[in-house]
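Visitor: Dropping the structure in here first, questions after.
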Amino acid sequence: MEIELLSGALGAEIKGVDLKDTSSENIEKIKNLLFEHKVIFFRNQDINQKEQVNLSKCLGPLETHAYVKGLSKFPEIVRIIKDPFEQNAWGEGWHSDVSYNKEPTMFVVLKSVEIPPIGGDTMFSNMELAYETLDKKLKIKIEGKKAIHDSRGSEFFTEDYNSMKSNGNFDLYRNEHPIIRTNPDSGKKALYVNTMYTREIVGLDRKESDSILNELYKHQERLDLTCRFKWTKNAVAIWDNRSVIHYAIADFYPKRGLGHKRVMDRIAIRGEQPF
Ligand code: SIN
């Protein structure tokens with residue numbers, strides 16, 4: 001096995017591991033790599049959808065997306081299709097997946113199906129490192145505080161998308177989570193807010209809440225906390241959604257001067273209530 005670090009902050013590309021192998025030794029190895037590097041990448045993994053589901057099930061119980069219809073044969077797979085004339089960009093903005101849920105996703109297994117010839121990279125930022133490097137005064141201000149996360153409604157995920165279809169659920173989800181959460185697997189504290197879904201800090205007036213959240217957002221997006229992955233076909237990323245935020249760069253659309261397609265298959269593994 002070879003491990004190539006993507007940056008000084010997080011992320012590793014792993015060579016010599018076969019994702020079709022769901023033996024307990026291989027799954028243990030993958031989990032250990034995941035906890036160490038927060039996000040791990042594997043190229044040239046010609047796994048089919050059933051094999052992606054099997055691999056994901058070995059990491060924990062699967063969840064279906066709150067709003068997006070999964071594939072008919074594999075409802076746990078959300079096919080993220082960005083076609084050349086798409087006006088919206090799924091995942092463009094820093095976020096932790098479904099942080100608006102009471103028990104947000106633990107891990108994500110994302111496989112590339114069709115990749116644009118240029119662009120479409122994904123960036124990740126290490127929220128354990130974000131917590132460690134946070135200004136002391138700011139740490140004191142957020143100690144013990146919770147923030148409200150909001151799902152923005154079904155239309156945010158499906159309306160005006162050419163190919164992303166609603167599953168018919170129009171409920172709105174709003175949940176409070178600690179701003180500093182502990183990842184039980186790494187034992188480390190992580191900063192748990194994101195620009196996409198976090199709305200306000202509980203118990204503060206709007207002005208103070210906005211001011212603190214803006215400082216936290218600025219900090220968590222610092223480039224020295226991040227890594228960037230350039231996709232190739234049949235690559236798989238697995239991330240610990242409790243300790244990273246990510247950003248899908250949509251620089252391949254007509255409105256940005258290009259017009260390419262990007263297709264990914266996403267499976268989410270159920271998480272615990274943040275504490
Ligand atoms: C996501 O934001 O959930 C997907 C990331 C990607 O498509 O790169």
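Visitor: Report the gain in length on full extension from Lys73 to Lys50: 0.36 nm times residue separation, minus Cα-Cα distance, nm rounded to one decimal. Don't jump to the answer; show the numbers that get you there.
Guide: Values: separation 23, 0.36 × 23 = 8.28 nm, distance 0.93 nm.
Additional length available on full extension: 7.4 nm.
Visitor: Just want the ordering: Lys233, Lys69, from fewest to most Cβ atoms lying within 10 Å of their own Cβ.
Guide: Values: Lys233 13, Lys69 17.
In increasing order of surrounding Cβ atoms, one gets Lys233, Lys69.
Visitor: May I pose another question? Helix-derived [θ] at 222 nm for the chain: sum -39500 (n - 2.57) over DSSP H runs of at least 4, divide by residue count, nearest 500?
Guide: Details: 6 runs with 56 residues, N = 275.
Value at 222 nm, helices only, nearest 500: -6000 deg cm²/dmol.
Visitor: Please list, short to long, the whole-number percent of alpha-carbon pairs of the chain in consecutive 5 angstrom bins beginning at zero.
Guide: 1, 6, 12, 17, 19, 18, 14, 8, 3, 1, 0
Visitor: May I pose another question? For the pair Lys29/Arg174, report the inter-label distance in nm, with labels modelled 7 Å from Cα in the Cβ direction.
Guide: Simple spin-label model gives 4.8 nm for this pair.
Visitor: Also, quick follow-up: Please list, in order along segment 12-19, the HN-Hα scalar couplings obtained from phi with the Karplus expression 6.51 cos²θ - 1.76 cosθ + 1.60 (θ = phi - 60°), rounded to whole Hz, x for Gly and Pro.
Guide: Using θ = phi - 60°, the values come out as 8, 8, 10, 10, x, 10, 9, 6 Hz.
Visitor: Can you tell me the length gained on complete extension of the stretch Asp135 to Thr195, counting 0.36 nm per residue apart and subtracting the Cα distance? Don't jump to the answer; show the numbers that get you there.
Guide: Working: separation 60, 0.36 × 60 = 21.60 nm, distance 1.91 nm.
So the chain would gain 19.7 nm between Asp135 and Thr195.
Visitor: Next question, about the same structure. What is the log10 of I(q)/I(0) for segment 1-132, computed with the Debye formula using one identical point scatterer on each Cα and no solvent, at q = 0.10, 0.15 Å⁻¹?
Guide: Reported log10 I(q)/I(0), two decimals: -0.37, -0.89.
Visitor: Distance in nm between label sites at Arg222 and Ser186, each 7 Å beyond Cα in the beta-carbon direction?
Guide: With each label placed 7 Å out from Cα toward Cβ, I get 1.5 nm.
Visitor: Taking 0.36 nm per residue of separation and subtracting the Cα-Cα distance, what length does fully extending Glu143 through Cys58 add? Display every interim value, and only then the final one.
Guide: On the way: separation 85, 0.36 × 85 = 30.60 nm, distance 3.48 nm.
Between Glu143 and Cys58, full extension yields 27.1 nm more.
Visitor: Whole-Hz ³J(HN,Hα) for each residue in segment 107-119, computed from phi via Karplus 6.51 cos²θ - 1.76 cosθ + 1.60 with θ = phi - 60°, x for glycine and proline: what do you get?
Guide: Using θ = phi - 60°, the values come out as 10, 10, 10, 10, 10, 7, 10, 9, 10, x, x, 9, x Hz.
Visitor: Let me ask you something else. Which pairs break 23 Å Cα to Cα here: Lys38/Lys189; Lys31/Lys69; Lys15/Lys233; Lys145/Lys189; Lys111/Lys146? Could you put the intermediate results ahead of the total?
Guide: Numbers: Lys38/Lys189 13 Å; Lys31/Lys69 28 Å; Lys15/Lys233 15 Å; Lys145/Lys189 14 Å; Lys111/Lys146 33 Å.
In this structure, Lys31/Lys69; Lys111/Lys146 lie more than 23 Å apart at Cα.
Every number in this text was worked out from the coordinates using simple rules, so none of it is lab data. Note that the coordinates shown come from a computational prediction; the quantities given were computed from them, not determined experimentally. When we count neighbours, we look across all protein chains shown, and the Cβ atoms used for this are built from the backbone with ideal geometry, even at glycine.
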